[in-house]
Amino acid sequence: MRYRKELDSARSHINTLRGVIAVMALVALGLWWGWQQAPDRLTVHIPPELRTGGVLEAGEVHPASVYTFAFYIWQQIHRWPEDGREDYSNNLWSLQAFLTPRFQQTLEADREQRARSGELRHRSRFIREIDGLRYTPDRVQATGDGTWTVWLDVEVEERIDGERVKQVFIRYPLRVVAYDIDPEANPWGLALAGFVQDPYRIDPEEEQ
């Protein structure tokens with residue numbers, strides 16, 4: 001009788017171990033499935049101001065990141081250090097991953113019109129933010145479904161053979177959209193999609 005009890009106890013212990021092994025196998029299977037479903041890479045947009053802390057989800061885009069993206073790409077498009085005929089065209093080509101196809105066509109049409117009217121030959125151009133009119137939260141408006149309106153207030157300076165021929169202050173109401181189609185070419189996951197309305201001149205002193 002004593003041996004039978006010991007045998008039953010051993011069998012019970014073996015069955016318990018089998019149950020534990022089965023549970024561990026299920027847990028391992030669940031972990032493997034979760035690992036397979038996890039994305040290969042995550043994009044996290046970190047806002048510039050973190051002194052008060054912040055909670056961000058993967059893929060969530062902070063308004064400051066949207067503004068920074070819009071200004072940086074727009075500034076690079078309009079950076080013609082030597083000759084607008086070549087620089088404007090080269091910029092549109094090299095930055096095409098950050099533009100929707102329709103907006104790129106719009107800018108290509110603008111380049112062609114400027115070229116025909118002689119506005120690019122030997123002309124350099126730079127744009128910069130206006131002091132006192134830099135980023136504030138109200139300059140970025142989320143319009144839903146991964147789209148934003150960004151208001152850029154910039155100073156535009158153009159020169160021909162080193163002599164300044166234009167200096168104006170312009171507000172660009174740009175439309176930005178989520179555009180996660182090629183992370184290798186566009187790690188921002190954003191693109192400029194056009195103008196919300198026509199750009200217009202401003203007086204910086206009246207805006208401040």
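The values are calculated or read from the model by the stated rules, or taken from the named source; none is laboratory data. Treat the numbers as computed from the prediction; the structure is a model and nothing was measured. Cβ coordinates were reconstructed from backbone atoms using ideal geometry, including for glycine residues, and neighbour counts include every protein chain displayed. In case anyone asks, the SASA skips ligands and DNA or RNA and just uses the protein heavy atoms, side chains included. Shrake-Rupley method; radii C 1.70, N 1.55, O 1.52, S 1.80 Å.
Observations on the model:
- Filter result for Val23 (modelled with pLDDT of 85 or more and part of a helix (DSSP H, G or I)): no
- Taken together, the criteria place Gln141 among residues that are open to solvent by 40 Å² or more (accessible area, probe 1.4 Å), within 30 Å of Trp188 (Cα to Cα) and free of Cβ contacts under 8 Å to residues at least 60 places away in the same chain.
- Residue that is farthest from Pro187 (Cα to Cα), among those in the range 65-80 that are touching a Lys or Arg at 6+ places or on another chain (Cβ under 9 Å) and open to solvent by 40 Å² or more (accessible area, probe 1.4 Å): Arg79
- Hits in the range 158-172 (condition: surrounded by fewer than 16 Cβ atoms within 10 Å (Cβ to Cβ) and of a type outside the set (A, V, I, L, M)): Asp161, Gly162, Glu163, Arg164, Lys166, Gln167
- Every residue from the range 126-144 that is part of a strand (DSSP E or B) and either over 21 Å from the mean Cα position of the chain (by Cα) or modelled with pLDDT under 90 (or both): Phe126
- Restricting the range 83-120 to residues that are polar (S, T, N, Q) and not in a helix (DSSP H, G or I), the residue that is surrounded by the fewest Cβ atoms within 10 Å (Cβ to Cβ) is Ser117.
- Selection status of Leu95, modelled with pLDDT of 95 or more and closer than 17 Å to Ala178 by Cα: yes
- Condition check for Phe195: touching a Pro at 6+ places or on another chain (Cβ under 9 Å), within 21 Å of Phe126 (Cα to Cα) and either surrounded by 15 or more Cβ atoms within 10 Å (Cβ to Cβ) or not aromatic (Phe, Trp, Tyr) (or both): no
- Residue count for the range 88-123, restricted to those that are within 27 Å of the chain's Cα centre (by Cα) and closer than 15 Å to Glu157 by Cα: 1
- Cross-chain or 6+ apart pairs with Cβ under 9 Å, the range 167-185 first and under 24 Å from Leu133 (Cβ atoms), then basic (Lys, Arg) and part of a strand (DSSP E or B): Val168/Arg201; Phe169/Arg201; Ile170/Arg201; Arg171/Arg201
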